[in-house]
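What follows is one structure encoded as structure tokens, with my remarks underneath.
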2 protein chains.
Amino acid sequence: MIITEAQGLRELGTQIFVALGAPKAKAEFVAETLVEANLCGHDSHGVFYFPVYGERIKLGHIHPKENPKIVKETPSSAYLNGRWGFGQIAAKKMIETAVEKARTSMVAAVGGFNINHIGRLGYYTTWATEQDMVGMMFVNVGNPLVSPFHGTGRTFGTNPASISTPTATGENFLMDYATSLAAAGKLSVARAKHAKVPSHWIRDKNDNPTDDPNAFYDGGYLVGFGEHKGYGVQMASELLGAALTGSRTSMDDSQNPPSPNGVFCIAINPEAFVGLGAFKEKSSEIIKIVKSRKPEKGETVLVPGDPERISKRQRLRDGIPLPEDTWEQISKISLELGLDPKIALKKG
Amino acid sequence: MIITEAQGLRELGTQIFVALGAPKAKAEFVAETLVEANLCGHDSHGVFYFPVYGERIKLGHIHPKENPKIVKETPSSAYLNGRWGFGQIAAKKMIETAVEKARTSMVAAVGGFNINHIGRLGYYTTWATEQDMVGMMFVNVGNPLVSPFHGTGRTFGTNPASISTPTATGENFLMDYATSLAAAGKLSVARAKHAKVPSHWIRDKNDNPTDDPNAFYDGGYLVGFGEHKGYGVQMASELLGAALTGSRTSMDDSQNPPSPNGVFCIAINPEAFVGLGAFKEKSSEIIKIVKSRKPEKGETVLVPGDPERISKRQRLRDGIPLPEDTWEQISKISLELGLDPKIALKKG
């Protein structure tokens, strides 16, 4: 493991994207969202993507200067063309638009197409809660990796979903996950670390369970979470993310561009219902009661959003560990661009 | 098993609720929603409730004549007081209001409080898809029965969630489930049938897994679905259903009234995005591809909504089987009210 630190990683990521043609503000924002994923413990959505996005820029999949454009709108909806810029720039514009419209319309939905990989959904829904809104996001990934319930073979993308709500303590409730049992990025990380994975996560190309992450890359596939119930969310992310927005479906495996996202988000203003203050107070009260429950043996009762906060506190203090393979890839692209990757290493 | 049929059950249910003071139109609608649950295979949400609601009317928990009232609204939101009438009447008014507002506003959300048990969420979200809208519903149940992830004891209600979308074939996608591994009603049904249940569904009062449904009634509790991922939906239904609407929280176990629902729903008009026709076509195309996937050994690949359709076709043809205990309870209240339960039995 190589120990890096957040501020250095942000600077390095910004330099990489700027060197590849991105305007500074866009480069900074994309780097910030990726580093935030590592801070929150989601290495599968983190700076691992510095070199991946770098490749995609070089191949013309990501147009680093491009701005998203709203092509249709009403006081409570917008339909956005991401124009194949950075996915993060499109997704942020979408949640900002939803939140802004919900300030006056109370609820707003925004759908988007032609969008590259947007990273971790929780970044955007958490941002909505910081504006005192409820945020929801359903996303499909145009890259089939996951089997349907009771079926076999690569069919759905990892199709994530996120719902986040504000609380009186400022610690938001954050549901945010891939609808596969494990995010595809977790397999990349396991492969990079030469580690095994739980055998109920994946099947090999002959439909057998396996603990070898390499079997996934050799024609295998991921399994969905939560049986028929998880399958419902998996399919909702497909129908809302892809079909409703006119984005490429998961099962369309044309590889150009790789892994586009169909994005659908909703912002809800608590003032339309019980009111912001009462909503936040009651939410914090519920969370306090849940966390006071007797834990299962050897466990701790947390609420969704806590694991991210715990990780962030720890990694801001101790640094962000990266597998050597990931660090090598980041170093390689940095050196190619004449940049010094060592600015990301933890000092002292 | 007693074999009944849908039309006779609807008539009997209507007569029961009318005899207990409900106006005919309300009685018919409530009976219709409960019978529809049995047709769809969800016996846990079906005519089992005829005598339960009957008791609640007698005890003054359900006010059978009462109408819900919108207490705050904008062009894209409404906040509704159910005034402790039939939950079904409030929930239908909510989804109707959301759909009507979404016709012009493109997206609308409605939250409601003072609402009795609304039955099966899929009834309302499916209705939204019949009006060519996407329907979503998040509901908490003010009756703690389910433990939090990694915790123990009765904490959450069975807190259901539903998302439904229209398709070109008219067969809607329907995600609709309790966020416990099993609906509480499934335990009532198992107890009525003197059957065992899968031992990962419940824990007894000492936190041990058990296959005896009676252990649940003796201080035990249900377990949530999908580990930390299912926990996200469970908590979203609590925060949106209860905290956002000002309804009684799940963990407030004052038993009066029993099992109220905090209800939050959203309607989304596809015209704001890719357009209704394109959305429905693409959704049907996705569903067709998913269902063409090779099934796991011994299984069939279905999409959410198919099991309900399969059950409905079969039960419209062969009748609706009811456990003897359920039939006895229905007969008992019918006879008390001077009604003839035999009108519900399947003829021939």
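Values in this text are rule-based calculations from the coordinates and carry no lab data. The shown structure was predicted, so the numbers you read here are calculated from the model rather than taken from an experiment. Glycine gets a Cβ as well: all are built from the backbone with ideal geometry, and neighbour counts include every protein chain shown.
Summary table below
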item	result
Inter-copy separations for residue B:170, label at 7 Å along Cα-Cβ, nm, ascending	5.6
Label geometry 7 Å along the beta-carbon vector: residue A:337 inter-copy distances in nm	7.2
Whichever aspartates and glutamates have a C-alpha closer than 14 Å to that of residue B:347, once near sequence neighbours (fewer than 8 apart) are set aside	B:5, B:318
Shielding score for B:144-151, defined as the mean number of other chain Cβ atoms within 10 Å	5
Cα gyration tensor category, rounded, prolate or oblate, for chain A with a/c compared to 1.5	rounded
Farthest positive-ward along the stretch A:3-78 dipole, Cα basis, beta-carbon charges - from A:76, A:47, A:8	A:76
Rotational relation B to A, axis-closest Cβ in chain B, residue and distance rounded to whole Å	B:226, 2
Centroid-to-centroid separation of the stretch A:233-272 and the stretch A:101-132 [C-alpha atoms, Å]	13
Least to most buried among B:218, A:253 (fewest other Cβ within 10 Å first)	B:218, A:253
For the stretch B:26-41, Karplus couplings with θ = phi - 60° (6.51, -1.76, 1.60), whole Hz, Gly/Pro x	5, 4, 4, 5, 4, 4, 4, 5, 6, 5, 4, 4, 4, 4, 7, x
Ascending list, in nanometres, of distances separating the residue B:278 label from those of the other copies (7 Å, Cα toward Cβ)	4.1
Trypsin sites (Lys or Arg not before Pro) within the stretch A:255-336, DSSP loop, no more than 13 other Cβ atoms inside 10 Å	A:297
Chain B - share of DSSP beta bridges that are antiparallel (%, nearest 5)	85
Reachable aspartates and glutamates from residue A:332, criterion Cα separation under 14 angstrom, eight or more residues apart if same chain	A:55, A:324, A:340
Only Lys, Arg (+1) and Asp, Glu (-1) charged, at Cβ; the protein assembly as shown dipole about Cα centre in debye	500
Unsatisfied cross-links (Cα-Cα over 20 Å) in the set B:26/B:58; A:26/A:342; A:65/A:186	A:26/A:342; A:65/A:186
Cα-centred dipole magnitude for the stretch B:177-239, charges only on beta-carbon of K, R (+1) and D, E (-1), debye, nearest 20	220
Ellipticity estimate at 222 nm from DSSP helix runs (n ≥ 4, -39,500 (n - 2.57)) divided over the protein assembly as shown, nearest 500	-12500 deg cm²/dmol
For the stretch B:13-66, size of Cβ-based charge dipole, Lys and Arg +1, Asp and Glu -1, in debye	260
Inter-chain Cβ neighbour average for residues B:170-178, partner chain, 10 Å	3
Restricting the stretch A:3-95 to GluC sites (Glu not before Pro) in coil, as DSSP defines it, with at most 11 other Cβ within 10 Å	none
³J(HN,Hα), Karplus 6.51/-1.76/1.60, whole Hz, each residue of the stretch B:309-326, x for Gly, Pro	5, 5, 4, 5, 4, 5, 7, 5, 7, 9, x, 10, x, 10, x, 4, 4, 5
Cα gyration tensor shape for the stretch A:231-333, rounded if a/c is under 1.5, else prolate or oblate	oblate
Placed amide H near residue A:224: partners under 5 Å, 5+ positions off or other chain	A:147, A:181
Protection proxy ranking, peptides B:90-97, A:177-184, average beta carbon neighbours within 10 Å, highest first	A:177-184, B:90-97
HN-Hα J in Hz across the stretch B:68-76 - Karplus 6.51, -1.76, 1.60, θ = phi - 60°, x for Gly and Pro	x, 9, 7, 9, 7, 7, 9, x, 10
Average beta carbon contacts from partner chains per residue of B:298-306, 10 Å cutoff	4
Restricting the stretch B:240-348 to GluC sites (Glu not before Pro) in coil, as DSSP defines it, with at most 12 other Cβ within 10 Å	B:299
Between the stretch A:277-321 and the stretch A:155-203, the alpha-carbon center distance in angstrom	17
